């Protein structure tokens, strides 16, 4: 049995960022985002990009001897949408395919307790 680490997955609707830290969460071991693996900007948040990002992070984790992880998934949160983007599920699936043992999955999306006011909705332009 190897060392344990924490994988933070930030999945907005436009991008997916994966960060691997040690078990305290203080030291960063590896990080990667959607922009590293795909050329087109509109594909950064896609499940394919998330899958590739997770593969890269899992590779770096294996080099450091980490094979057991706790996954923390985060959507955009705040006054933005609280649901994680479509990259989150693909990333977790890819981690299990790359022989990472997942101990727990938790949602750490920030939720406001009546914080700032939301942006006003745009009305349709009628002549």
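Worth a mention:
- With neighbour counts taken as other beta-carbon atoms within 10 Å, the residues 113, 42, 13 rank, fewest first, as 113, 42, 13.
- Taking the inverse of the mean 1/r over every pair of distinct Cα atoms in the chain gives a Kirkwood hydrodynamic radius of 15.3 Å.
- Across the range 3-107, C-alpha contacts under 8 Å between residues 6 or more apart give a mean separation that, scaled by the residue count, equals a relative contact order of 33 percent.
- Ranked list, fewest to most other Cβ atoms within 10 Å of each Cβ, for 118, 3: 118, 3
- Relative to one another, the C-alpha centroids of the range 1-33 and the range 50-127 are positioned 10 Å apart.
- Springs join every pair of Cα atoms under 10 Å in this Gaussian network model of the chain, and among 33, 80, 46 the largest mean-square fluctuation is at 80.
- Legend: Rg and Dmax of the range 47-110, from Cα coordinates, 12.3, 38 Å.
- Acute angle (nearest 10 degrees) that the helix 87-97 long axis makes with the longest principal axis of the chain, alpha-carbon atoms: 10
- Computed over the chain, the per-residue total of -39500 (n - 2.57) for DSSP H runs of n ≥ 4 gives a 222 nm mean residue ellipticity of -7500 deg cm²/dmol, rounded to 500.
- Restricting attention to the range 3-107, close to 45% of DSSP beta bridges with both partner residues there are antiparallel.
Each reported figure results from applying straightforward, stated rules to the coordinates on display, with no laboratory input. Given the structure is predicted, the values throughout are model-derived calculations rather than measurements. Heads up, the Cβs are rebuilt from the backbone with ideal geometry, glycines too, and the neighbour counts pull from every protein chain shown.
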